[in-house]
Amino acid sequence: MATLDLEGRQPVYVPPPVVLAPGHTPETVTRKISSIIIAKAPRWWYVAFGISFCFLMMFLTAVTWLFVRGVGIWGINIPAGWGFAIVNFVWWIGIGHAGTLISAILLLLRQDWRTSINRFAEAMTLCAVACAGLFPVLHLGRPWLAYWLIPYPNTMGLWPQFRSPLIWDVFAVSTYATVSLIFWYVGMVPDLGTMRDRAPGKVSRIVFGVLSLGWRGSTRHWHNYESAYLLLAGLATPLVLSVHTVVSFDFAIGIVPGWHSTIFPPYFVAGAIFDGFAMVLTLVLPLRAAFGLHDFITARHLHAMGKVMLATGLVVFYGYLIEIFFAWYSANHDEWFMMKNRMTGPYWFVWAALILCNGLIPQLLWSWKVRSSPLALFLISMSINIGMWLERFVIVIVSLTRDFLPSSWAPYRGTIWDWMTYLGTVGGVFLCLMFLFVRFLPMISMSEMRTLTPGSGSHGAQEAAS
Amino acid sequence: MTSATISSTSSAPRLYGLMAEFTTPDQLIEAAKTAREAGYKRLDAYTPYPIEHVSEALALPRSKMPLIVLICGLLGGAGGFLLCYWTQVMIYPWNIGGRPYNSWPAFIVPTFECTILAAALSAVIGMIAINGLPQPYHPVFNVPGFSRASSDRFFLVVEASDPKFDRHETRRFLTKFNPNEVSDIEP
C-alpha cells in the first residue's frame, strides 16, 4: 500500500501550497493567457485538430447512415431497447458535471484552486452536454420530431407527459445546458474585453468587442456582475446535483431489476463528479504541458483533483457494494438473480473490468507520490473514464438482456455503427469543440487569476500567498 | 462672467470627464474615497478585476440583482407548476397507470427546472440590462492608455456632469494622488 511507503522515508518533493506560482503580476497573467490566442497556433494543434476532424467526419458518416436506414443499424432490439445510445448519453452527462461543480460549488466553498481550471472545465461541460444531447435525439427513430418533447400549443392538441422521467430529462438537460452556457459566457465577458484590447487584427478586435458587450471594467458594472455571478453559482449548485438525479430517475422509476433502487440518485451524482474530474484531468494534463501552464495549474491543483476523485470514487465503490447487499437483503428473486448474472453471467468481464477501473485502480490516489505524478494521474483518470462507461453498460445492458422472463432473454452487442457514433463523439464532436475553444477563447479566467496575484487588494490574494 | 473665461471654455473641447491612471489598487481606493468625501458625486472607477474596497469607497448602493432573481425564480417556478397542472389536469387529462390527474410529486422536477432556468436567465439578462450593456461606444475608450484597464491599471474618472466638476480644479485635485497620468476624456 502506498501509505506504508511514507512511513520509511520522507517525500522527495514538497509541492508549494500555492494556486499561482510566485512572481506573477496582473500583467504577466494577462500576457501569458492571452498570448495563447494571439500567437500563431502551434503545429501540434493543427495535427491534433486534423485528427479529431477525421473523427468528426466518421461521426457524420455514421449519423447520415442512421438517418437513411433508421435505428435498426444499431445493435438494439427487444429486450435491450436501450443500447449504446443511452449508455453514452448517461456517460457524457456525467462528464459534464465537473464544470459546473468546479465553477459553482467550489466558488461557494471558497476553494481558490478552482480559479485556474473553472473556465476550462465549464467549456468541457458544454462540449460534453452537447455530445450527451445528441444521443437521445438520435435514438428517437424519427429525430426530426424531437421538438415534440417541448411543450408548445399545437394543432394536434397534444402535450408532453409530465409524469414521465423522460420528459423530466428533457427539462433537466436543457436547463443544465442553458445555465452552463450562460454561466460560462458571463464569466468570460471581462476576459473578452481584455482580448478586444489586446487583439492585433481589426476583425478579431471587432469580434471580441461584440462578444464582450463593450465591457469596460466599471466598478458599477463589477458590483452587479459579482452579485449576478454569485447568484448564478447559487442556482447552479442545486441544478448540478439535480441533473444526474433526474437522469438516474430514468432508471430508478422503472421496475427492471438492477434499476429500481433508491440508491441511484446519490450514486449517480457521485459517479458524475468522479468521472467529470477524471475527464478534466485527462484534458488538462496534456494541455498544461503543451502550453506551459505550470504556473497556473500547479501541484496543488493536481493534488486537489486527485483527492476529489478519490473521495467520490469511494462513494461510487460503496454504491457498487451496497447494490449487491440490497439485491441479497431484499429477498427478491429477480434482483438477486440479476446481481449473480451481473457478476457471473455472460457479461461478467464487463463487471470485473468495471470494479478494476473504478474500484481498485483509483485506490492508488491514496498515495501522495501518485497524486504528484502527472503521468500516473493521467492514466488513472483514463481508467476512470473507461470504468464509468462500463458502469453504464452494466446498468443498461446487463439488466435489460436478462429481465423477468427467460423466454425473452437475448444477448446484446454494439454494431460497427454504434462504435462509430460513440467514438465519433469522443474523438470528433467533443475534441473538435475543445480544440477550437483552447485556440480561440481564453481557457483560464484572466480576471479571476489577477485577483490571486500579490497586492491585488482582493480576498483571493491573501489565501494564495498563505 | 469675464471675457477670459468665455474664451477658455469656447476654445477647449467639451469633456466627458477627467481620468486618473494608477498603478496599484490602493492608490485608486484612496483617491476614490477622498474624492467622494470632497463632495464629488459622479465618480466611477475602472479596474481589471472586481475589488470590493473600491465599491465601498464609491459607496455604491446595494445591487438590485438578488431581488430580481428572487422574483423571476418564483415566477418561473409558479409557471412551471401551472404548465404541468394546466396541461395534465385541465386541457389534456390522461390516465397514466391510475395516477391522479394532479399528480403533483411528478410535477416537482419540471417545476424545479423552470425555477432555476428563469432565475438564471434573469440574473444574466438583468445584470446586462442594469449595467446598460451592450454598449459598444463609451467615451472612456478614447483615452489611449485605457486599454490597460482590462489588464493591470486602475482608473478613477470624475465625470464633467458632476456639479463640483471644474476642469482645472479637478485636475489639480486628482494630481494630488500621484497618478501616472491625468487625461481629458473626449465625449
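The values are calculated or read from the model by the stated rules, or taken from the named source; none is laboratory data. This is a predicted model, so every value here is computed, not measured. A quick note on method: Cβ atoms are made from the backbone with ideal geometry, for glycine too, and the neighbour counts reach across all protein chains shown. What goes into the accessible areas is simple: the full protein's heavy atoms, side chains included, and nothing from ligands, DNA or RNA. Shrake-Rupley method; radii C 1.70, N 1.55, O 1.52, S 1.80 Å.
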Mind checking how much accessible area A and B bury in total, 1.4 Å probe, in Å² rounded to 100?
-> 5200
Sticking to Cα atoms, compute the Rg of the stretch A:323-441 to one decimal and its Dmax as the biggest Cα-Cα distance, whole number, in Å.
-> 18.5, 57
Take the solvent-accessible surface of the protein heavy atoms, probe 1.4 Å, and return the percent of it on the protein assembly as shown that carbon and sulfur atoms account for.
-> 68
A:Ile38 and B:Ile125 label points (each 7 Å along its Cα→Cβ direction) are spaced in nm at 3.7
Summarise the partner chain shielding of A:157-165 as one whole number: the mean count of Cβ atoms from other chains within 10 Å of each residue's Cβ.
-> 6
Please work out, to two decimal places, the log10 of the ratio I(q)/I(0) at q = 0.15, 0.17, 0.22 Å⁻¹ from a Debye calculation in which every Cα of the stretch A:356-420 carries one identical scatterer.
-> -0.64, -0.72, -0.91
GNM, chain B, Cα, under 10 Å: largest mean-square fluctuation among B:Arg153, B:Arg171, B:Arg14?
-> B:Arg14
Mind pulling the per residue volume of the convex hull built on the Cα atoms of the stretch A:36-153? Å³ is fine.
-> 186
Share of pairwise Cα separations in the protein assembly as shown, more than 34 Å, in percent | 51
Let me know the mean shielding of B:58-67 by other chains, meaning the per-residue number of their Cβ atoms within 10 Å of its Cβ.
-> 4
Measure out, as a whole number of angstrom, how far apart the alpha-carbon centroids of the stretch A:184-259 and the stretch A:398-422 sit.
-> 38
Between the stretch A:425-445 and the stretch A:285-355, how many Å separate their Cα centres?
-> 26
On average, how much accessible surface per residue is there in the stretch B:27-136, in Å², for a 1.4 Å probe, leaving out ligands, DNA and RNA?
-> 50
Roll a 1.4 Å probe over the protein heavy atoms and report the accessible area of A:Leu436 in Å², nearest 10.
-> 70
So how far apart, in nm, are the two label points at A:Glu27 and B:Lys164 if each is 7 Å from Cα heading toward Cβ?
-> 3.2
Which FRET efficiency, nearest 0.05, do B:Leu74 and A:Leu108 yield, Cβ-Cβ r, R0 25 Å?
-> 0.70
C-alpha center-to-center spacing [the stretch A:105-132, the stretch B:23-92] in angstrom = 23
At 10 °C in a medium of viscosity 1.306 mPa s, the stretch A:253-299 has a Stokes-Einstein diffusion coefficient, with Rh taken as the Kirkwood radius over alpha carbon pairs, in µm² per second, of 120
May I ask which residue of A:Asn385, A:Tyr318, A:Pro346 lies farthest towards the positive end of the charge dipole of the stretch A:256-396, with charges of +1 (Lys, Arg) and -1 (Asp, Glu) on Cβ and the Cα centre as origin?
-> A:Asn385
Express in nm, to one decimal, how much length is gained between A:Gln161 and A:Asn77 on full extension, taking 0.36 nm for each residue of separation and deducting their alpha carbon distance.
-> 27.8 nm
Rounded if a/c is under 1.5, else prolate if a/b beats b/c, else oblate: with a ≥ b ≥ c from the C-alpha gyration tensor eigenvalues square-rooted, which is the stretch A:352-391?
-> oblate
Quarter of the surface of the C-alpha convex hull for the stretch A:128-249, i.e. direction-averaged projected area in nm², equals 10.9
Accessible area of chain A divided out per residue, in Å², using a probe of 1.4 angstrom | 40
Which whole-number percent is the relative contact order of chain A (Cα, under 8 Å, 6+ apart)?
-> 32
Would you calculate the separation in nanometres between label points at A:Ile51 and A:Phe404, each defined as 7 Å from the Cα along the Cα-to-beta-carbon direction?
-> 4.9
What shape does chain B have by the C-alpha gyration tensor, where a ≥ b ≥ c are the square roots of the eigenvalues, rounded means a/c under 1.5, and otherwise prolate means a/b greater than b/c and oblate the rest?
-> prolate
